[in-house]
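Please treat every number below as a calculation from the coordinates, not as lab data. Worth saying up front: this structure is predicted, and the values here are computed from it rather than measured. Using ideal geometry, Cβ is built from the backbone for each residue, glycine included, and neighbour counts are taken over all protein chains shown.
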Amino acid sequence: MSGVDWRAYYESKSHALDEHSATYGSSVPLASQFYGARWEAVARGVAAAGVAERSLEIGCGSGAYMPVLREVTTGPVVAVDLAGGYVRQTMSAAPFALGAETDAARLGFRDGSFDLVLASEVIEHLECPEALLDEARRVLRAGGSLVLSTPDPLAIHDLMYRVKRRVRGYDVNEHPGLMLPWVLRRALRARGFEIVEWRTCNFAYPYPVGDVLGKLPGQEALARVTARLERRLQEMPVVGRLGWTQVIVARREASP
């Protein structure tokens, strides 16, 4: 255990940071391209999961995926986060959603409450990541889908992110729950999930290359070239599994 009060940590961060402007709504061309590639990959995963009567996003952050969930959901769309500040950011961006402040390891919903659960860039933030998988399975109906995105700790980006954390002296490791791909696959199957899709995205650019390129002129043109490169790499055999962000679609079977 790290001893970090995660609720207080993320609550403070949610008030200090405009999550949308820092990520999916960034005005920095290369950052916008990076998060845009992730958004598109997760959106494809949600679409592949199919139409849902009720959907839930665990770790809603700024609410970037609320429109995606609304598109595939015929009934309520529920957004939860450990930090109330993030729930409020989501509710501001997506007033149609139902928001709640709750722990991913103890969701507080009845068994089988949802047809679709989305957890994008959340599981790695938990000290016990398996708890999220347990709760996702519990609140999903039989045949319901889990869409999950999380960094691959073996990707060069993640290795360099750890270097960046040391160089910049970050006080808190926000990713205590990183899972190796085969460990995550085994954990999903052990909980009765059938893996439907497993893709990766976010190939360019690892630290410190991204920091250097981000200071060069002509960012818009570079971002366009990078976006084309990203799409090609995603579709390549073998190489297409080497991106930083893993996007998994898994279906809950009737029994584990």
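Before moving on, here are some points about what is shown:
- Cα shape, the chain, gyration tensor, a/c 1.5 rule: rounded
- Taking all Cα pairs closer than 8 Å and separated by 6 or more residues, the relative contact order of the chain comes to 21 percent.
- Debye log10 I(q)/I(0) at q = 0.12, 0.14, 0.16, 0.25 Å⁻¹ for the range 1-69, Cα point scatterers: -0.43, -0.57, -0.72, -1.10
- Packing-based order for 8-20, 35-47, 89-101, using average beta carbon neighbours within 10 Å, highest first: 35-47, 89-101, 8-20
- Global form of the range 30-110, assessed from the alpha-carbon gyration tensor, a/c cut-off 1.5: oblate
- Part-to-part distance (alpha-carbon centres) for the range 154-173 and the range 223-256, which is given in Å: 22
- Put simply, the range 106-256 fits an ellipsoid with semi-axes of 32, 19, 13 Å; these come from the alpha carbon gyration tensor as the roots of five times its eigenvalues, largest first.
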